[in-house]
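Comments concern the structure below.
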């Protein structure tokens, strides 16, 4: 196994993508707003008395959103290998702050813009003293390394906007992300990502709903120490994903959510490569207050690729997380 950036980059990129995709799916668990339209009690009720809404105290306007999140989970394939999988426990800590004013009316819907910064810390093997044999390019020798040597940080500056009209949500944004090792904060990967998406909510009743959506992006990448014969942009690619999620409110404060996602990735530089990722997941969300929530989750990924620089793989993740969100 190679050490430092060469071994870190593919797994680190996928770890960051997986965490972000999980957070995007989680947003559908918060789709029911108290101020939203109440379901019809019988067919044609709205035409008789007009749309009914749940009464709610009008909230004050806010302009800044601050978020702290920690998730701790087990993965059975830390390095995304087809053979010789490496198990690990993973801690992902997130701190985020954004200028995010209360959504305001725009046309028939509401627009929610954001401009912010997010920092994430990825730690591996906190509960394990496992060591691996790796090849160190600095000394050109094999040596023993602990899983913690693969810890890394992710810095992201983002700007986006979500326009919600009835049960439709349209989103577009731009991210700039840098990945750095934790020991020296040396950058080993960066990307500039325009992204876009659309989601449709299908309410079944007050407690159940389906969500379907599409997400796309293009990633302009720069990889440090690329393999011999490739340029720094070998990880530039475009992603196109579709997902379906079922949200069921078990009670006022608990929501269960199974989901499925398919993502197609085409690499536009380096080797001619297409990836096909199938993801299955299940999450339980508990909302204690509007600011504090707890979750448990499990996910299973099946990756097939046509390229030679990365293998097919299967991966199981399972764990939990705590989220604190404040608006002011």
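The values are calculated or read from the model by the stated rules, or taken from the named source; none is laboratory data. Here the structure is a predicted model, which is why all the values come from computation and not from measurement. Every residue, glycine as well, gets a Cβ built from its backbone with ideal geometry; the counts of neighbours run over all protein chains shown.
May I ask you to list pairs of residues, at least six apart or on different chains, whose Cβ atoms are under 8 Å apart, with the first in the stretch 177-196 being at positive phi and the second being in a strand (DSSP E or B)? Qualifying pairs under 8 Å: 185/153.
Which one is farthest from residue 22 (Cα to Cα) among residues in the stretch 226-238 that are touching a strand residue (DSSP E or B) at 6+ places or on another chain (Cβ under 7 Å) and surrounded by fewer than 19 Cβ atoms within 10 Å (Cβ to Cβ)? Per the criteria, the residue is 232. Among the residues making up the stretch 267-279, those that are touching a strand residue (DSSP E or B) at 6+ places or on another chain (Cβ under 7 Å) and surrounded by 14 or more Cβ atoms within 10 Å (Cβ to Cβ) are 267, 268, 273, 275, 276, 277, 278, 279.
In the set (1) closer than 20 Å to residue 259 by Cβ; (2) modelled with pLDDT of 95 or more, the condition left unmet by residue 179 is number (1).
Checking each residue in the stretch 280-309 for being in contact with a helix residue (DSSP H, G or I) (Cβ under 9 Å, 6 or more places away or on another chain) and surrounded by fewer than 19 Cβ atoms within 10 Å (Cβ to Cβ) picks out 287, 309.
Scanning the stretch 234-282 for residues that are within 22 Å of residue 196 (Cα to Cα) and not in a strand (DSSP E or B) yields a count of 4.
Would you mind stating whether residue 216 is in contact (Cβ under 8 Å) with a residue 24 or more places away in the chain, in contact with a helix residue (DSSP H, G or I) (Cβ under 9 Å, 6 or more places away or on another chain) and not in a loop (DSSP other than H, G, I, E, B)? No. Against the conditions (1) touching a helix residue (DSSP H, G or I) at 6+ places or on another chain (Cβ under 9 Å); (2) farther than 24 Å from residue 185 by Cα; (3) at pLDDT 95 or above, residue 86 satisfies every one except (3). If you go through the stretch 310-328 and keep only what is more than 19 Å from residue 87 (Cβ to Cβ) and touching a strand residue (DSSP E or B) at 6+ places or on another chain (Cβ under 7 Å), you end up with 321, 322, 323, 324, 325, 326, 327, 328.
Within the stretch 127-143, does at least one residue satisfy the condition of being buried (at least 16 other Cβ atoms within 10 Å of the Cβ) and under 26 Å from residue 61 (Cα atoms)? So far as the stretch 127-143 goes, no, none of its residues is buried (at least 16 other Cβ atoms within 10 Å of the Cβ) and under 26 Å from residue 61 (Cα atoms). Applying the criterion of at least 2 residues that are farther than 30 Å from residue 309 by Cβ to the strands (runs of 3 or more DSSP E) found wholly in the stretch 57-163 leaves 64-75, 88-99, 104-106, 109-124. Go through the residues of the stretch 99-111 one by one and say whether even a single one is more than 30 Å from residue 60 (Cβ to Cβ), at pLDDT 90 or above and in contact with a strand residue (DSSP E or B) (Cβ under 9 Å, 6 or more places away or on another chain). The answer is no; no qualifying residue exists.
Would you confirm whether any residue within the stretch 104-119 is surrounded by 15 or more Cβ atoms within 10 Å (Cβ to Cβ), in contact (Cβ under 8 Å) with a residue 60 or more places away in the chain and either out of contact with any helix residue (DSSP H, G or I) (no Cβ under 8 Å at 6 or more places or on another chain) or farther than 30 Å from residue 165 by Cα (or both)? So far as the stretch 104-119 goes, no, none of its residues is surrounded by 15 or more Cβ atoms within 10 Å (Cβ to Cβ), in contact (Cβ under 8 Å) with a residue 60 or more places away in the chain and either out of contact with any helix residue (DSSP H, G or I) (no Cβ under 8 Å at 6 or more places or on another chain) or farther than 30 Å from residue 165 by Cα (or both). Scanning the stretch 291-322 for residues that are more than 30 Å from residue 227 (Cα to Cα) and free of Cβ contacts under 8 Å to residues at least 24 places away in the same chain gives a single hit, 298. The condition of being over 25 Å from residue 90 (Cα atoms) and in contact with a strand residue (DSSP E or B) (Cβ under 7 Å, 6 or more places away or on another chain) holds for only one of 151, 217, that being 217.
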